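The values are calculated or read from the model by the stated rules, or taken from the named source; none is laboratory data. Note that the coordinates shown come from a computational prediction; the quantities given were computed from them, not determined experimentally. Here Cβ is always computed from backbone atoms with ideal geometry, including for glycine, and neighbour counts include all displayed protein chains. These accessible areas exclude ligands, DNA and RNA; they are computed on the full protein's heavy atoms, side chains included. Shrake-Rupley method; radii C 1.70, N 1.55, O 1.52, S 1.80 Å.
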Amino acid sequence: MGSLIIHGGAGRLESLRTRERDWSGSLSEIYSEAEFSLKRGGDARSAVLLAVRLLESDPLFNAGTGSKLQSDGEIRMSAALMDGVGTIFSGVINVRHIEHPIDLAAALSSVDHHVLAAAEATDYARRLGFPFHDPLTEERLGEYRQRLAGAEGTVGAAALDDQGRLFAATSTGGTGFETPGRVSDSATVAGTYATAQTAVSCTGRGEEIVNLAVAARVAVRVQDGAPLRDAVARTVAEGNALSFHFGLIALDRQGRPQVGETAGTRVLFATRTEAGELVNFMEPGEFSIVR
Ligand code: GLY
């Protein structure tokens, strides 16, 4: 049957609440498409890649097309894929002018060196045949001209397939207006991690996610025997104690989805509950978020 959860960033930090309905509609559509592929026998890797690719293509979200600009006016994108069964993390940091950073991260999972950065990552993409793509949108250019740092935005997915394989994937355009070359959490094991027991993708303030090694911390807690909900609750409490701002989505090996968020953070998510109800951040129903 499989199980899937996706996110489109940390909405409250974006301060653009009027967009909630648009975000919600897009997330539900993208969720349904990726879930359809999973339910038709697709594997978890394909499902997270499809979900993140669709999120990168949607200019509402800060990843791929629609990424924010760094302070020098350039877009630099980062993405990662984590194979929980093979225990392989692969990622790309500050790549430019490609349509799907997540595809480059995925391509790196099967070669010797799993993480590439900056101009060399872009050169590598070209050698693999990734064509030039300008991810700039008018809206992001307008935000840049108004010097809107916009806080944080990221997209991500976690999936479990019929074979029990767990994968996590994350992609981001960064915070907007950051120091050129700043490295986001997304393409680190703090922002994206999975084991045979759980898969986690984070959103929020990258520096704080790295400070607490959030995704890896949750995954290790589960590996050491904690139920996912407890692992997330403890990690969120630690984040709150430090006044950190982050959120996360996660799945355990039974396919149970979990969302966690620190105070002042609101994860834009979509998933299906154990009871089979399609829920999202605007209409969570009975779905319980750890805060
Ligand atoms: N979480 C995305 C970033 O801080 O770049």
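Figures for the structure shown
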item: Using alpha carbons only: equivalent-ellipsoid semi-axes of the range 25-147, gyration tensor based, whole Å; result: 25, 20, 11
item: The chain: most fluctuating residue of ASN280, ASN240, ASN62 per GNM, C-alpha cutoff 10 Å; result: ASN240
item: Inter-part distance where the range 157-197 and the range 247-264 are each reduced to a Cα centre, Å; result: 13 Å
item: CD proxy at 222 nm, helix term only [per DSSP H run n ≥ 4: -39500 (n - 2.57); per residue of the chain; nearest 500]; result: -10000 deg cm²/dmol
item: Accessible carbon and sulfur surface of the range 22-133 relative to its total accessible area, %, 1.4 Å; result: 52 percent
item: Among SER26, SER67, SER171: highest mean-square fluctuation, GNM of the chain, C-alpha pairs under 10 Å; result: SER26
item: Amide H partners (placed H, <5 Å) of HIS245, local residues excluded; result: ARG205
item: The range 171-291 - convex hull of the alpha-carbon atoms, volume per residue in Å³; result: 104 Å³
item: Cα-centre dipole for the chain with unit charges at Cβ (Lys and Arg positive, Asp and Glu negative), debye to 20; result: 300 debye
item: GNM flexibility winner over the chain from GLU74, GLU120, GLU207 (Cα, springs under 10 Å); result: GLU120
item: Neighbourhood net charge (13 Å Cβ-Cβ; Lys/Arg +1, Asp/Glu -1) for GLY285; result: -3
item: Contour minus Cα-Cα distance for ILE88 and LEU128 (0.36 nm per residue); result: 12.4 nm
item: Fraction of alpha-carbon pairs over 17 Å apart in the range 33-102 - percent; result: 50 percent
item: Accessible carbon and sulfur surface of the range 142-207 relative to its total accessible area, %, 1.4 Å; result: 50 percent
item: Added length on full extension, which subtracts the Cα-Cα distance from 0.36 nm per residue, ALA118 to ALA196; result: 25.0 nm
item: Solvent exposure, largest accessible area first (probe 1.4 Å, DNA, RNA and ligands not counted), of ASP185, ASP123, ASP83, ASP224; result: ASP224, ASP123, ASP83, ASP185
item: Accessible area in square angstrom per residue, the chain, 1.4 angstrom probe; result: 39 Å²
item: Tail fraction, Cα-Cα pairs, the chain, threshold 29 Å, whole percent; result: 23 percent
